[in-house]
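Let me begin by presenting the structure, written as structure tokens, before commenting on it.
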Amino acid sequence: MHALQRLKFSTKINLGTTGIVLFLSLVMGAPVARVASQALVDEVKMRGRVLAESLSVRSADPVLAQDFLRLKNLVDDLRGVSGDIEYAFILDKAGGVLAHSYPKGFPVDLITANAPGPGGALSVRLLDSGDERIYDFAVPVRVAGESFGTARVGLSWSRARAPVERLGGIILGLAGGGLFVSVVLSTIFARQVTRRLNVLRTHAAEMVTGNLDMQAGGELARNCWDIMDCDRKECPAYGDKRRRCWYVAGTLCLECDGGPFPQKLESCRECPVYLTNAGDEIQDLTETFDAMAMTLKTHIAELREAEKVLTRQQQIMRTILDVTPDLVSLLDEHLVYQACNRAFAASVSREVDEVVGKTDADLFPAELAAGRTEANRRVLVTGERFQTETRREAGHGERWFHTVQVPVFDRDGRIVGVLRTARDVTQIKDYQDQLIQAQKMESLGKLAGGVAHEINTPLGIILGYAQLLQEDVPEGQVREDLGTIERQAKVCRKIVADLLGFSRQSRSAKRDMCLNNSVMETVTLVRHSFELDRVRIVTDLDERMPVLYGDPDKLRQVWMNLLTNARDAMPGGGMVFVRTRLDTGAQKVTVWVADTGSGIEPAILGRIFDPFFSTKPVGKGTGLGLAVSFGIIKEHGGDISAHSPAPADFGLPRGEAAGEQGAGSVFEVALPLDHGERDDEAAPEDGGAAKKE
Amino acid sequence: MRKEYWAVGLAALALLILAVGWDREEPATRVDLSRRVDITLKTQTEAITYAYLPQYSHSISFERHRLLVEYLSRVTGYPFRQVFPDTFDEHVKMVERGEIDISFSNPFIYIRLARAGARAFARIVEESGRPDFYSQIICRKDNRAIHTLEDCRGKRWIAVDPSSAGGFVFALDYFQSHGIKRGDFTEIAFAPGPGGKQEKVVLAVYAGKYDIGSVRNGTLELVKNKVDLDAIRVLAESRPYPGWVYAVRRGFDPNKLEAIREAMLRLDAGGPEAAAILEAAHFKGIIPATDADYDPIRSLAGRISQE
């Protein structure tokens, strides 16, 4: 059956026609042959009966007269009448053969092979001699109601049926001829039909490949505007030779329905245009196909335009989603991810496509996934919007996220999903902390400044009196004690000065200065005492250093702080490496102070610039050094940062660092060559300096 | 279409063809035609042969005389067998050769038989009730050319047989007695073929093939079912002559003859069996006869022969 389905349509028509003709030939030919055969049998029997009865009647007198010659002539004449008369013979009353048609000898089996029926009725019996079949007819020879013998005639069935076989041959020939003619005609018919179907098929194949401009139906000689003598050029059918008017919607003909095909076709049935141009079913199919192709083409064009718009909108949407740093994701009602943006995918170390179809359990650690699932489910159940701030450990630090979960509704108002956005607010959190710290520092600075300011006066008096008393007392224990008071009072004044500096109580005195000089002054100042602590200072200064606008004192304080911290980081001795570089392109100078000490713990690296943060024991440091330095550098529009351990490409002098302890740390101070305050602030600064003087 | 439908359709078609078109074999009896023998007839048993002059077909001859022959066989105790000569001449010759013991013939034949030594011993009473018979000359009633015997001159005449008494000889004598001779006729034909010659004459005239015909009396009654007798006109009738005669061949056993004659004459006495026998034989009776009864015939024959 599958092979049959794969046959060509024309072959199927041929096979069908052949099958029908064969079927009819069989159904009609077989009964005809049968009826003919039966008729022949009946005819043979009738003929045999007539011949036998005739022989019986004609042989009555010769039998009575015992006229064997006449009997012999009778049977011979009968035998010669027709080729299918196999034999004829006459028996006497006792069954003796009186005459027979055989030239030599008589087959004795024939005598008993058949006999008249009861009452002298005709008996017909089919005999089989092996070579052929013979109908034997037995009729009594009766005179005056008395039987004087039997007349027997044998008709060869094999020869008698020759006409039937000829008839069968004729029927077979006619059937074969009819079959041939029907196959030829059906082939012509099939070609006519399939030629047009093939045009349709080709058209369909072209449509599949996207070619919708083909026209299967040919142009007609007369179009609707010709037939109707119409000049309404605004009618959509006017001038359209590709489609019949009944395929065109919105035609302006008065008789037209005006609706679309095929609804309008009802109004076209009686239209002269339809009656003139409508074809057969295949023509209708072809033209419907053409109309469909045109409609399809229009629809496809519209779809493509819509697709373009959709794609553009999708791209915009995708771009918006992907460029936003927020983690955006969409989950369905089963909490399976349906979409996400690139930031979300990156946050779970996946591609966007990999996230779709996953659940929280697939993307997050079990505990976190359970929390997220619980939160999402709550949105699905309540239909309310939730927002939370969550903290996540990430790498070396922690990250804060502001998460918003919004239910997604379908057209029926049913909740079909959850839209979840998470924004990284770590920086804002830091700013909040720094703001709080700054406010704290500001309060503390004001407090410390006020206290220092108040302490400064009595401290000056204590120092002054101590110095005066030293002059008044002879050398001795008292003078030494006064000296101790004086030194400790100076220490206190230094602390007070730091506090005042921290609280910005002191004024900047910026001027043109040389950075290298500032650095070298400090280095020279501390080099000797450092060496006592087995700390060497190595410098690598950029000779091209231009004049910098800044406060030399405060900068020296910075260098001093950095150098002192470096020395303190190396209690067993080591090296301090000072390097300056001019970056003309970036319009900045950079100072690096590196040590070979134990370095700074990563955990506290971010807090070393906080005021009062110190790792030193009580009494060894105030925790204000780096905070003050930070303030001074910021005041100069620069930036200060710390790196620990020192970057591998930092470039510590080879050999110098070898054997030194620790990975050390590097403080990097970047100062702008022109921080933009000179013109604006020079006057007040100068005024301030002047005022100081 | 599903496969099941195809199968059902094909099966139905096959059944249809089988039911309608199949040529069913007829049972045949097996015979061996190669086993052949030469046929020889059994010799017939000795019997008294009885022959009826073949004026009719053998079947009619048999049918008419069957009961009489059976009666004679039963009554006399001698076996009888009818024999059927095809012609009058053969009949005469068979009597001459002794192949016919008892001959039943017309008187004209009898005088020939008598010349061969046969002797009459009985004669029949015709259905007309008379022991004699005569000839009838017939023509078509619508034959406008024939109104009187004289009109027969120059006409075509068909008769039964040159030896037929009632069918030819009586009529010929009648014509001659009226001055009409054989040569006056355009043609004198005789009924062709064996048997049934009386009927053939009537049919030939009826068909118009001949203008006049001569038959013995009683023949017209015989053919009333074959011929419209209204179309036939009896033109003339001859004088009557002694009827048909039973003769015995020369040399037949006189004892047997006597037994036969007695049995035959007994039939004339009546009785149901006799009536059936006589009716079948188309007689009214059988009466004794002598050779002298047929002298008128002899004289007739003489007249004819002189002509």
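Odds and ends about this structure:
- Contact map, the range A:178-191: residues that are farther than 13 Å from residue A:13 by Cα paired with residues that are in a helix (DSSP H, G or I) and among the hydroxyl-bearing types (Ser, Thr, Tyr), Cβ distance under 8 Å, separation 6+ or inter-chain. Pairs shown: A:178/A:25; A:179/A:18; A:179/A:25.
- For the range B:279-294, the candidate set comprises residues that are touching a residue at least 12 places away in the same chain (Cβ under 8 Å) and assigned to a helix (DSSP H, G or I); within that set, the residue that is nearest to residue B:248 (Cα to Cα) is B:291.
- Within the range A:393-432, tally of residues that are closer than 15 Å to residue A:324 by Cα and of a type in the set (Phe, Trp, Tyr): 1
- For the range A:252-268, residues that are over 43 Å from the mean Cα position of the chain (by Cα) and outside any loop (DSSP other than H, G, I, E, B) total 3.
- The range B:161-173, residues that are crowded, with 20+ Cβ neighbours inside 10 Å and of a type outside the set (Gly, Ala, Ser): B:161, B:168, B:169, B:170, B:172, B:173
- Among the residues of the range B:227-241, the ones that are surrounded by fewer than 16 Cβ atoms within 10 Å (Cβ to Cβ) and either in a loop (DSSP other than H, G, I, E, B) or not β-branched (Val, Ile, Thr) (or both) come to 5 in all.
- Scanning the range A:48-59 for residues that are surrounded by fewer than 22 Cβ atoms within 10 Å (Cβ to Cβ) and either of a type outside the set (Asp, Glu) or within 11 Å of chain B (Cβ to nearest Cβ) (or both), we see that the one that is nearest to the chain's Cα centre (by Cα) is A:49.
- For the range B:56-80, the set of residues classified as of a type outside the set (Phe, Trp, Tyr), surrounded by 16 or more Cβ atoms within 10 Å (Cβ to Cβ) and within 14 Å of chain A (Cβ to nearest Cβ) consists of B:57, B:58, B:59, B:60, B:61, B:63, B:64, B:65, B:66, B:67, B:68, B:69, listed by residue number.
- Among the candidates A:275, A:285, the residue that is hydrophobic (A, V, I, L, M, F, W, C), part of a helix (DSSP H, G or I) and loosely packed, with under 13 Cβ neighbours inside 10 Å is uniquely A:275.
- Among the residues of the range A:142-160, those that are out of contact with any Lys or Arg (no Cβ under 9 Å at 6 or more places or on another chain) and within 13 Å of chain B (Cβ to nearest Cβ) comprise A:142, A:145, A:152, A:154.
- Residues within the range A:231-251 that are in a loop (DSSP other than H, G, I, E, B) and either in contact (Cβ under 8 Å) with a residue 24 or more places away in the chain or crowded, with 19+ Cβ neighbours inside 10 Å (or both), tallied: 7
- Residues in the range B:90-110 that are in a strand (DSSP E or B) and either within 11 Å of another protein chain (Cβ to nearest Cβ) or among the hydrophobic types (A, V, I, L, M, F, W, C) (or both): B:102, B:104.
- Selection status of residue A:184, under 30 Å from residue A:281 (Cβ atoms), part of a helix (DSSP H, G or I) and not small (Gly, Ala, Ser): yes
- Among the helices (runs of 4 or more DSSP H) confined to the range A:549-655, the ones with at least 2 residues that are in contact with an Asp or Glu (Cβ under 8 Å, 6 or more places away or on another chain) are located at A:552-568, A:625-635.
- Residue A:546 being modelled with pLDDT under 90 and either farther than 27 Å from residue A:631 by Cβ or out of contact with any strand residue (DSSP E or B) (no Cβ under 8 Å at 6 or more places or on another chain) (or both): no
- Looking across the range B:1-46, the residues that are closer than 30 Å to residue B:102 by Cβ, within 10 Å of chain A (Cβ to nearest Cβ) and at pLDDT below 75 come down to B:41, B:42, B:44.
A quick yes/no check of all residues on (1) loosely packed, with under 14 Cβ neighbours inside 10 Å; (2) modelled with pLDDT under 85:
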residue: A:1; (1), (2): yes, yes
residue: A:7; (1), (2): yes, yes
residue: A:14; (1), (2): no, yes
residue: A:17; (1), (2): no, yes
residue: A:20; (1), (2): yes, yes
residue: A:33; (1), (2): no, yes
residue: A:46; (1), (2): yes, no
residue: A:65; (1), (2): no, yes
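- Within the range A:22-40, the residues that satisfy the criterion of being at the interface with another protein chain (Cβ under 8 Å from one of its Cβ atoms) and either outside any helix (DSSP H, G or I) or over 60 Å from the mean Cα position of the chain (by Cα) (or both) are A:26, A:27, A:29, A:30, A:31, A:33, A:34, A:37.
- Of all residues in the range A:55-91, those satisfying the criterion of being closer than 16 Å to residue A:115 by Cα and part of a helix (DSSP H, G or I) are A:55, A:56.
- Only one of the numbered conditions (1) exposed (fewer than 12 other Cβ atoms within 10 Å of the Cβ); (2) of a type in the set (A, V, I, L, M); (3) closer than 30 Å to residue A:339 by Cβ is violated by residue A:428, and that is (1).
- Qualifying residue in the range B:81-89 (condition: of a type in the set (A, V, I, L, M, F, W, C) and within 10 Å of another protein chain (Cβ to nearest Cβ)): yes
- Number of residues in the range A:332-349 that are aliphatic (A, V, I, L, M) and more than 18 Å from the chain's Cα centre (by Cα): the value is 4.
- Checked against (1) more than 12 Å from chain A (Cβ to nearest Cβ); (2) crowded, with 18+ Cβ neighbours inside 10 Å, residue B:49 passes all but condition (1).
- Looking only at the range A:92-133, residues that are facing chain B (nearest Cβ under 9 Å), part of a strand (DSSP E or B) and farther than 21 Å from residue A:72 by Cα come to 5 in all.
- Of the residues examined, residue A:153 is one that is touching a helix residue (DSSP H, G or I) at 6+ places or on another chain (Cβ under 9 Å), within 30 Å of residue A:106 (Cα to Cα) and either crowded, with 20+ Cβ neighbours inside 10 Å or hydrophobic (A, V, I, L, M, F, W, C) (or both).
The values are calculated or read from the model by the stated rules, or taken from the named source; none is laboratory data. Bear in mind that the values here come from a model prediction, so they are computed numbers and not experimental data. Here Cβ is always computed from backbone atoms with ideal geometry, including for glycine, and neighbour counts include all displayed protein chains.
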